[in-house]
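Coordinate-derived values only; no laboratory data. Remember, it's a predicted structure, so these values are computed and weren't measured experimentally. Using ideal geometry, Cβ is built from the backbone for each residue, glycine included, and neighbour counts are taken over all protein chains shown.
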Amino acid sequence: MSIIAKKCGGEANGVYEFEPHCTLLYNFDPNDLQEEKYLQEATRDFDKIAGRDNKTANNEGHGKNSIELSNGEVAKALLLKCRDVHQRQSLDDDNANGSKITSLLKLESFYFLPYPKDADNGKGFGCVIPLLLLENTPPLQSLHDVVCSVFPPDERHRKGDEKRDKIPNGGKFIPHMALCYAPEVYQDELEDYVKTLQANRNDILGRLEAEFLSVWSTKGGLADWKLIASVDLR
């Protein structure tokens, strides 16, 4: 990732490095976390949330005896639930053969994606993206399903949405890891570089350990991304 970013001029050219990640959900309104259903879910396991005392609210907010939680605290509680549910499912899976939850990510192939601003009904990023496609293994698809069921509906994977035909890829989960978000002027150079990787660097492909589940604010540019909440998988 560092090599690709430097090819495109690095931070001085607006090309920032970021945490390598597989996106499970794509854009939901953080204010949705304050809906009663998510607050109730979060308060059930409030003692698991780091950094907060078990304080009750006054008559303001979400009820006299409810706990007032920030979006980050609700997100962390929901992440904990996702981790716990998925770990239980993994233990119950007769085909797991003792594999750990961290053995989720299997790199499958290199891919180059031009993503102009007019893509996806005008929601494109206006950039080009070298990326790694991941195998959609049963454990990874299971985790995606759990996250979809626990968190607010996102833009791309809304379950039961009557407008699913207007969602990119019909709402299908396509696991991948972006390596860089580069200006479109680098399209030819990066496309050639990805072809070189495809021809010579299949040794990079294989399994990776997932270290954590997290929620990020991606408002603004890459330099503005902020971690909202995270839970360890190791």
Residues whose placed amide H lies under 5 Å from that of H176, excluding near-sequence neighbours: T23, L134
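Which order, highest average first, do 7-18, 73-84, 195-206 follow once you tally other Cβ atoms within 10 Å for each residue and take the mean per peptide?
In descending order of packing, they fall as 73-84, 7-18, 195-206.
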For a quick check: with amide H placed at 1.01 Å from N, whose amide H comes under 5 Å from S109's, ignoring anything fewer than 5 positions away on the same chain? L133
For A119, put the label point 7 Å out on the Cα→Cβ axis and report which residues of segment 179-199 keep their amide N under 20 Å from it. 179-198
